[in-house]
Amino acid sequence: MAHTMRVDVVSAEARIFSGEAEFVALPGEQGELGILPGHTPLISRVRAGAVRIQKDGQEELVFVSGGILEVQPKAVTVLADTAIRGHDLDEAKAEEARKRAQEALANRSTDMDFAAAQAELSEALAQLNLLRRLRGQK
């Protein structure tokens, strides 16, 4: 049996993934993180993007909008601001959010503040990238 670790991805609303996995990759604050069983303990912020969980030779994708990562030698926990299973993402909503954020950034006279527009754009682009990745797997 392959070496595994416990992986939990949770948000305020629900537990999105809970189980054993061989590998986890996700966008940390300083760049992409790859975690194998026995990893050195670590705490990091997580940026918006895909959490890739390798389990039984399959890859499961979960979108997170940001959050905190805790790594222990036998466990990985992602406490996400928002977490959505990759196959549950809505491409039309993500595309609309992208357009809205780009318009707000282009037209500074809108009510949306610049930092909020940048955050919304970053989140929408991360969702769209995850959806493209999912399409490529099929």
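Read the figures in this text as sums done on the coordinates, not as results from a lab. All values derive from a computational prediction rather than experimental measurement. Every residue, glycine among them, receives a Cβ derived from its backbone with ideal geometry; neighbour counts consider all protein chains shown.
What is the mean projected area of the alpha carbon convex hull for region 15-54, to one decimal in square nanometres? Could the numbers behind the result be given before it?
Working: hull surface 12.6 nm².
For region 15-54, averaging the hull's shadow over all directions gives 3.2 nm².
Which of the aspartates and glutamates could a cross-linker bridge to residue 99, judged by Cα under 16 Å and excluding same-chain residues fewer than eight apart?
Here the aspartates and glutamates satisfying the reach criterion relative to residue 99 are 90, 91, 111, 113, 120, 123.
Counting only other residues whose beta carbon sits under 10 Å from that of residue 23, what net charge do I get with K and R as +1, D and E as -1?
0
Give me, ordered by chain and number, the residues 5 or more places off residue 28 or on other chains with an amide H under 5 Å from its own placed amide H.
HN-HN under 5 Å from residue 28: 33, 47.
Could I have the simple spin-label model distance between residue 132 and residue 82, label points 7 Å from Cα toward Cβ, reported in nm to one decimal?
Inter-label distance under the simple model: 2.0 nm.
Identify all aspartates and glutamates with a Cα-Cα distance to residue 74 below 14 Å; exclude those on the same chain that are fewer than 8 residues away in sequence.
Residue 74 reaches 8, 20, 22.
Full-extension gain between residue 115 and residue 92, please, as 0.36 nm times their residue separation minus the C-alpha to C-alpha distance.
6.0 nm
Could you order peptides 43-49, 11-17 by the average number of other Cβ atoms within 10 Å of their residues, highest first?
Going from most to least packed, we get 43-49, 11-17.
Once you place label points 7 Å from the Cα toward the Cβ at residue 107 and residue 8, how far apart are they in nm?
4.5
Please list, in chain and number order, the residues 5+ apart from residue 23 or on another chain whose amide H is under 5 Å from its amide H, with Hs placed from the backbone.
Long-range HN contacts for residue 23: 54.
What are the residues whose amide H is under 5 Å from the amide H of residue 82, where those residues sit 5 or more places off or on another chain and H is modelled from the backbone?
It is 65, 66, by chain and number.
Mind pulling the angle between the C-alpha long axis of helix 114-137 and the longest principal axis of the chain? Nearest 10 degrees, somewhere in 0 to 90.
Approximately 50 degrees, to the nearest 10.
Just to check I understand the Karplus step: with θ = phi - 60° and J = 6.51 cos²θ - 1.76 cosθ + 1.60, what whole-Hz values come out for region 46-59, glycine and proline as x?
Rounded to whole hertz, the list is 10, 8, 4, x, 9, 9, 9, 10, 9, 9, 6, x, 10, 10.
What list of whole percents do you get for P(r) of region 30-78, with Cα-Cα distances grouped in 5 Å bins up to the one holding the largest distance?
With a bin width of 5 Å, the distribution comes to 5, 18, 30, 28, 16, 3.
Placing one identical point scatterer on every Cα of region 1-110 and ignoring solvent, what is log10 I(q)/I(0) from the Debye formula at q = 0.15, 0.21 Å⁻¹?
Taking Cα atoms of region 1-110 as identical point scatterers yields -0.65, -1.08.
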